[in-house]
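Written below as structure tokens is the structure these notes are about.
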């Protein structure tokens with residue numbers, strides 16, 4: 001009877017130690033680098049507090065935030081991905097919203113031979129009611145409210161319906177929160193003010 005009781009106790013103690021050892025080893029492995037050869041599926045939130053490196057495809061259907069992202073394959077995003085640090089992605093397809101932010105300047109290049117850009121702005125600016133603009137002459141105007149534009153940006157402008165048909169935009173250059181435009185009055189038409197009538201808006205794209 002004594003022997004049987006000791007055997008039962010010994011068996012129980014060994015079982016408990018085995019379980020505790022397995023949990024401890026698992027915690028040690030997860031705290032260090034972990035390699036998983038099968039799929040990972042989570043119904044909750046996946047957080048990577050450090051760099052996340054994936055050698056193949058990443059598919060994100062919910063919102064995710066990572067400090068740094070390196071993907072050797074393709075990334076398919078059906079929702080929001082926020083990358084706070086640096087990222088290297090071989091292919092990126094975004095079905096939802098994508099935001100890349102960093103404390104340093106970031107750049108975007110599309111295609112192998114594309115041009116890298118660090119800023120893209122778009123919107124419309126407004127020319128206030130100007131003085132008379134004599135026919136067959138060119139005059140320079142300040143198109144204001146181009147918020148964020150600096151002299152370093154390249155700008156592209158396009159007329160809206162507020163610009164009468166007898167006027168032609170000849171050139172545009174960037175300024176601080178504004179765009180300087182040169183407009184030619186062909187004289188092919190008349191206006192009551194002898195120039196642009198009232199505020200005139202222009203659409204613009206600005207790239208850095």
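Please treat every number below as a calculation from the coordinates, not as lab data. Remember, predicted model here, so these are calculated numbers, not experimental data.
Sequence gap at least 6, Cα distance under 8 Å: using those rules, report the relative contact order of segment 120-207 to the nearest whole percent.
Relative contact order comes out at 47 percent.
How would you classify segment 119-208 from its alpha-carbon gyration tensor, with a ≥ b ≥ c the square roots of the eigenvalues: rounded for a/c under 1.5, else prolate if a/b is greater than b/c, otherwise oblate?
Prolate shape, in that a/c is at least 1.5 and a/b is the bigger ratio.
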